[in-house]
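**Q** Right, I'll just put the structure down here and ask away after.
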Amino acid sequence: MLPDDLIKSVNDTVSGIRARDYVNALSEFHRIQASPGIHDAIVYLKQEIKKVSKAKVKIFSYTADGASPIETWDTPYGWFPKSGTLELLEPEQRTLADFDSEPISLVAHSRSTNMEAEVVFVGKGLSPEDYKDKDVKGKIVLTEGLARMVHRVACIDQKAAGILTFVAPSGIDEIASLRRYDAVWPSPDEGEKVKFGFSLTQADGVQIKKWLAEGKKVRVKAKVRAELKDGTLEVISALIEGKDTSREFWLFAHVCHPHPGANDNASGSAALLETLRSLTSLIRKGVIEKPDISIRFLWGPEWSGTIKFIHHEKKLLKRCQAMLNMDMVGADPSKSGSIFHMYRTPFSLPSTFNNVVRHWLCEESSRERSRASGGTLTPLPWSYSKFSAGSDHYMFVDATVGIPSVMLNQSPDKFYHTSTDTADKIDPAQMAYATRVAVLTALTYLYSGHTVEEAILAEVRNEAIDIMQSVGTQGITELATCKGDPNKVYPRVLRWLGMALDLGKTTLNKAATEWALISEQDRLREALKTSLDMAYTSEMMIARKAYEGACAEVGLEAKEEHKIDLDTVGLDVEVKRNFKYPLSPSMMAEKLKDKMDKYMKLKEKDHHLYVRIDEMLNLCVDWANLNEIWDRLCFQFGHFDSQILVSIVDDLKETGVLEVRDV
C-alpha cells in the first residue's frame, strides 16, 4: 500500500521507548475533565509539541458551567478538588481513603463535606428493592453500582448523605487494593444537590459489606474540600499544513481520566505525540515532502470536549476526510489480557478507511522486533472488529456528522478504569506498534502519489466476500443442524447476503470519492464489483442446496425461489430521530432513571445493546421502517429479540428524541 523504503523509514523512526516515556509523564496528572489536573496535562502537551515539531498549535477553550447543552449533551461542571479523607470509626479505626495519596479514591464531582454517619449497603443501588426496608436518609450508602447512576437515586431521591463504591468480586483476577474510577456527572439541575463519594478498595468494600451483613454498625467520617463551579474544557490542536489546506486527516486521543490512567488514556495521547514527532522527523530528514493535505492532531476531554469542538468548529470539521481515534493502545497484552482491536465504522457509514487501517494493523503486527527496541518479544494479538462506540470516534460516525472514523483500542483490559491502570503495565513494543499503524495510516492519506489505491480496492472486495461467506456458513450450519424453521432461516440468509453485497459495492463506489482514481483504477473498481456479484451468486446457490436438504430432513417441500417470503417480523411502524449528533448516554440515564436497572440487565446479556441503539439512530435520520432496522442490526451485531427493540423505541419516544408512526 506504500513503498517498502518508506515503511522501513517509519519503522526506523518510531520509538516505543519514547512513547512509553510520554505515558509516564502524562499519567502523573489527575486528568478529570474541566479540572486543574487536565489543564496541567494540556500545558505539558503544548510544551512537548513545541519541542518536537513546528506544527501550528492552538488551544480551543469552551465554558464548562454545567449548563449550555448541545442537543442531548449536557456540559459538565468544572471540578476543583483540594482534599478528601474517609476515616473508619466503627467497628475499627483506620483510614479508608485519602485524595492526597490516591486521587482516584475521591469520586469525581464530590463537593465539600465534614460529617460522621452510619453506612448502609444498597447493593446495585438502582432498583426500589435495593432500598426496601432501609432508611438511608442522612446516611452513607455502600454500593456495588456506578456512582453516576447510584448518586441520583440514593442521594437526590432517597436523601442519602453520600456514597461509597467498590468493585464486587467476580471470581477472576481479584486485586484487593483495586479502586474503581467513579464520577457523579451531575446534570444541569443537579449541581447544588451533589453530595460526595469515595471509591473504596475491593478489600475494604467486601469487609464493610460483611460487617453490615453480620449486623455490626459501621460508622465513618468523611471530610472533603472540593467545589463544582465554572471551569474550562480545553482541546489542543497541532496542525501540519499540507499543499491543500482545505482537506485534513485527523488523529484524536482523549487526554482525560484520573491519575494514573496509564493505558486509559495516557497511552493514546502519548502515541499521538510520538506520531507527530515521527512524521515531523521524516519531513525534516527529507524522507517525505510537504504532505498533499494537512494533518491535525487533537487531544481533549472525552466526549464533552469533542462535542464542543464538533459543534463550534464547523469550518474545521468540513475539512476532515477521516479520523483515527487512539484510545487505550499501549498495555502489555500479557499483563492486561488485552487484544488490540480496530473497531470499524458502522455499516451505515461505509468507507475504504476501514481497509486502510486494517491493512497496517495486520502488516505491522508481524513486524520483526529486536531486544534493542525495548518491550515484549511475544506476539501482539489484534482483531478487526465490528463497530463499537464508547469513545470519541462515535461522535464523528453519527449519521448527522458522517465522517469516517475508527478506533484503535485494547479490550478487555483487566485494569480498566481502576487504580491499577499504572505505567508499569505499558509496553514499548505495543506502543511502537500502535504508533506505526497511526503513522502509516496518515501517510497513506497524506501522500497520494505513494499510495497503491488498487490494494485498497482489493481489500474492500475481500472484506465483503468474507462477510458473505460468514453469512453463508452460519446459514448452512443452522439449516444442516435443523436449528429453526428452514422457511425462516433461508430467507434471512438471502436478505443478509444481499446486505453484504450492497455493503461491498457501496464501499467500492465510495472509493471513487475518497481517492483520486485514474481511469485504469476505475475499471479495476468495476471489475471488483463484478467479482462480488459472482461471489454473491455462488453463496446463493450453496444456500439453496442447504435449504433443500434441510426441508428434506424435516419433511417439508422446498419452496420455489419466487415463492420465498423475504419479509421479517411484523414491526409495522416507522421511526425518525429529531436531534443532531449521537445520543448522550447520560441523557438516557437521566430521562430513564427508573428504567436503568432494566438496561443494565439487558446489557449484561447483550454487550452490543447500546451500539445497537446508536446504529438504529444512524438508520433513522429520515423516516425508516423498524422491520428493516431490526434486520440490519441483527445482520451487523447478531440476532436479538425484536421486542427488545420495540421496548427501546418506546423508551426513546418517551424521552422525546424519537418520533414513531404506524405504517
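The values are calculated or read from the model by the stated rules, or taken from the named source; none is laboratory data. Computed from a predicted model, the values in this text were never measured in an experiment. Cβ sites come from the backbone with ideal geometry, for glycine too, and all protein chains shown count toward neighbours. Note: areas computed on protein heavy atoms with side chains; ligands, DNA, RNA excluded. Shrake-Rupley method; radii C 1.70, N 1.55, O 1.52, S 1.80 Å.
**Q** From the residues Gly656, Ala108, Ala589, which one has its Cα farthest along the dipole of the chain in the positive direction, the dipole being from +1 and -1 charges on Cβ of Lys/Arg and Asp/Glu about the Cα centre?
**A** Value: Ala108.
**Q** Restricting the calculation to Cα positions, tell me the Rg (one decimal) and the Dmax (whole number) of the chain in Å.
**A** Both quantities, over Cα of the chain: 26.3, 80 Å.
**Q** Once fully extended, how much extra length lies between Asp572 and Val646, figured as 0.36 nm per residue of separation less the alpha-carbon to alpha-carbon distance?
**A** Working: separation 74, 0.36 × 74 = 26.64 nm, distance 1.06 nm.
Working it through step by step, the gained length comes to 25.6 nm.
**Q** Let me ask you something else. Taking only the alpha-carbon atoms of the range 1-63, what semi-axes of the equivalent ellipsoid follow from 5 times the gyration tensor eigenvalues under a square root, in whole Å, largest first? Display every interim value, and only then the final one.
**A** On the way: eigenvalues 179, 47, 22 Å².
Semi-axes (√(5λ), whole Å): 30, 15, 10.
**Q** With labels modelled as points extended 7 Å from the Cα through the Cβ direction, what inter-label distance (nm, one decimal) is found for Lys314 paired with Glu92?
**A** According to this spin-label approximation, the distance is 6.0 nm.
**Q** Under 14 Å from the Cβ of Ile172, count the other residues' Cβ atoms, weight Lys and Arg +1, Asp and Glu -1, and hand me the total. Let's see the in-between values first.
**A** Values: positive: Lys414; negative: Asp173, Glu174, Asp413.
Result for the neighbourhood of Ile172: -2.
**Q** How large is the accessible surface of Ile7 in square angstrom, using a 1.4 angstrom probe and rounding to the nearest 10?
**A** 20
**Q** Going by a ≥ b ≥ c, the root eigenvalues of the Cα gyration tensor, does the range 502-630 fall in the rounded group (a/c under 1.5), the prolate group (a/b larger than b/c) or the oblate group?
**A** Numbers: a/c = 2.56, a/b = 1.23, b/c = 2.08.
Here the range 502-630 falls in the oblate category.
**Q** State, to one decimal in nm², a quarter of the convex hull surface area for the C-alpha atoms of the range 41-95, i.e. the direction-averaged projected area. The partial results should precede the final answer.
**A** On the way: hull surface 32.6 nm².
Mean shadow area of the hull around the Cα atoms is 8.1 nm².
**Q** State the Cα centre-to-centre distance between the range 363-416 and the range 31-110 in whole Å.
**A** Each part reduced to its Cα centre gives a spacing of 25 Å.
**Q** Need one word for the range 313-391: rounded, prolate or oblate. Basis is the Cα gyration tensor (sqrt eigenvalues a ≥ b ≥ c); a/c below 1.5 gives rounded, then a/b vs b/c decides. Present the calculation step by step, with values, prior to reporting the outcome.
**A** Working: a/c = 2.10, a/b = 1.98, b/c = 1.06.
Prolate shape, in that a/c is at least 1.5 and a/b is the bigger ratio.
**Q** While we're looking at this one, here's another question. Highest mean first, what order results for 282-292, 488-498 on Cβ atoms within 10 Å? Each step should come with its number before you reach the end.
**A** Numbers: 282-292: 14.8, 488-498: 20.1.
Result, highest mean Cβ count within 10 Å first: 488-498, 282-292.
**Q** Provide the gained length on full extension for the span Lys56 to Arg661, in nm with one decimal, where the gain is 0.36 nm per separating residue minus the Cα-Cα distance.
**A** Numbers: separation 605, 0.36 × 605 = 217.80 nm, distance 5.02 nm.
Full extension of this stretch gives 212.8 nm more.
**Q** Given points 7 Å out from each Cα along the Cα-Cβ axis, report the Cys482 to Lys653 separation in nanometres with one decimal.
**A** Each label point is offset 7 Å from its Cα along the Cβ direction, giving 4.0 nm.
**Q** I want to make sure I understand the PRE zone here: with the label point 7 angstrom from the Cα of Ser531 toward its beta carbon, which residues in the range 340-354 have backbone N atoms less than 19 Å away?
**A** Answer for this model: 351-354.
**Q** If you put +1 on each Lys and Arg Cβ and -1 on each Asp and Glu Cβ, how big is the dipole of the chain around its Cα centre, in Debye rounded to 20?
**A** Result for the chain is approximately 1640 debye, rounded to the nearest 20.
**Q** Summing -39500 (n - 2.57) over the DSSP H runs of n ≥ 4 in the chain and dividing by its residue number, what mean residue ellipticity at 222 nm do you reach, to the nearest 500 deg cm²/dmol? Before the final figure, lay out the partial values.
**A** Numbers: 20 runs with 272 residues, N = 663.
Computed ellipticity for the chain at 222 nm equals -13000 deg cm²/dmol.
**Q** Return the percentage of antiparallel bridges among DSSP beta bridges fully within the range 83-242, rounded to the nearest 5 %.
**A** Working: 18 of 29 bridges.
Antiparallel: roughly 60 percent of the beta bridges in the range 83-242.
**Q** Separate question: Starting from the 7 Å offset along Cα-to-Cβ, what nm value, one decimal, do you get for the label separation of Lys132 and Asp565?
**A** It is 4.3 nm.
**Q** Which pairs, out of Lys56/Lys425; Lys221/Lys598; Lys243/Lys285; Lys134/Lys210; Lys132/Lys210, put more than 23 Å between their alpha-carbon atoms?
**A** Details: Lys56/Lys425 33 Å; Lys221/Lys598 34 Å; Lys243/Lys285 18 Å; Lys134/Lys210 17 Å; Lys132/Lys210 19 Å.
Long pairs (Cα-Cα over 23 Å): Lys56/Lys425; Lys221/Lys598.
**Q** Lys159 accessible area, nearest 10 Å², 1.4 Å probe?
**A** 110
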